[in-house]
Structures are given as structure tokens and as C-alpha cells.
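A.B. asks: One structure follows; several queries about it will come next.
The values are calculated or read from the model by the stated rules, or taken from the named source; none is laboratory data. These numbers come from a predicted model, not from an experiment. Don't worry about glycine lacking a Cβ; one is built from the backbone with ideal geometry, like all the others, and counts go over all protein chains shown. Heavy atoms of the whole protein, side chains included, go into the accessibility calculation; ligands, DNA and RNA do not. Shrake-Rupley method; radii C 1.70, N 1.55, O 1.52, S 1.80 Å.
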Amino acid sequence: EGAFNSISLQQALNKSYGGMLKNPFKCIATSGSGLSDHQAEKLKDITDLGYKVIAAPDNDEAGLKMLDKLRNKNCCTHYALVDEDGKDWNDLLKADDVNLSEYFLKRVRQS
């Protein structure tokens, strides 16, 4: 959703893959759960090109509503959620008690 979650995931994945240039994942933020029509259209364009788009919203009411929007507009191919309600990806990075990239990748599910 937000920039901090996107940065947290990007940093963790960069580290796991040996740097930004070797990392096959590029993380973007939608600046919160209020997905705009423009953002949905651009994400749909990306999926139409054959790329996988993994939604990683917060595991709260707003994040789950955003995931529903993404699915209904066919602009994400996969999703991943933090196991704990109310937590987000940045919370896990700050806790530093989990390998964030491994944790994230194990939670990716097809939409």
C-alpha cells in the first residue's frame, strides 16, 4: 500500500537476490488503500503484458478492501498478506525477527 511497505519489501528482496539489479521484483506503492482508477488501469496494462503483479496490502479492513478492488479490476495476478491482523510488511522489517523476503515469498498466492 504505502511507501514504507514498498521500500521495506524492496530492500528485503534486493538483499536476498544480491542487489537491486539481480532482483526480479520491483515494488511500487499505491499511496494507501484508496486505489485510483488510473492506478488500476496501469496495473491492468502490466498484467496484460504478461507480468505478474503481486498485491501486498496491509492485513486490515482497508487493505482487504483494496485487495478486493484489485481482484475485481483484474489488475493483480497474485497477493500476499502478513499473517497477523493489523500488521504490515514494514512492521515485520522493523521487528527484525524474520527474513522478510522469505516470509513474503512463502505467502504469495494466486488471485
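A.B. asks: Output yes when any residue across region 16-31 is within 18 Å of residue 87 (Cβ to Cβ) and aromatic (Phe, Trp, Tyr), and no when none is.
C.D. replies: no
A.B. asks: Still on this structure, please answer the following. Could you check region 92-111 and list, in sequence order, the residues that are open to solvent by 40 Å² or more (accessible area, probe 1.4 Å), out of contact with any Ser or Thr (no Cβ under 9 Å at 6 or more places or on another chain) and either more than 16 Å from residue 13 (Cα to Cα) or part of a loop (DSSP other than H, G, I, E, B) (or both)?
C.D. replies: Within region 92-111, 95, 96, 97, 98, 107, 109 qualify.
A.B. asks: Is at least one residue of region 67-78 charged (D, E, K, R), in contact with a helix residue (DSSP H, G or I) (Cβ under 9 Å, 6 or more places away or on another chain), free of Cβ contacts under 8 Å to residues at least 60 places away in the same chain and assigned to a loop (DSSP other than H, G, I, E, B)?
C.D. replies: Yes, region 67-78 contains at least one residue that is charged (D, E, K, R), in contact with a helix residue (DSSP H, G or I) (Cβ under 9 Å, 6 or more places away or on another chain), free of Cβ contacts under 8 Å to residues at least 60 places away in the same chain and assigned to a loop (DSSP other than H, G, I, E, B).
A.B. asks: Can you pull out the residues in region 41-61 that are assigned to a helix (DSSP H, G or I) and within 14 Å of the chain's Cα centre (by Cα)?
C.D. replies: 43
A.B. asks: OK, next. Can you pull out every residue in region 67-90 that is surrounded by fewer than 16 Cβ atoms within 10 Å (Cβ to Cβ) and not basic (Lys, Arg)?
C.D. replies: Result: 68, 72, 74, 78, 83, 84, 85, 86.
A.B. asks: Let me ask something else about it. Would you mind telling me which numbered condition in (1) at pLDDT 95 or above; (2) open to solvent by 60 Å² or more (accessible area, probe 1.4 Å) residue 11 fails?
C.D. replies: (1)
A.B. asks: Yes or no: residue 79 within 17 Å of residue 6 (Cα to Cα) and aromatic (Phe, Trp, Tyr)?
C.D. replies: yes
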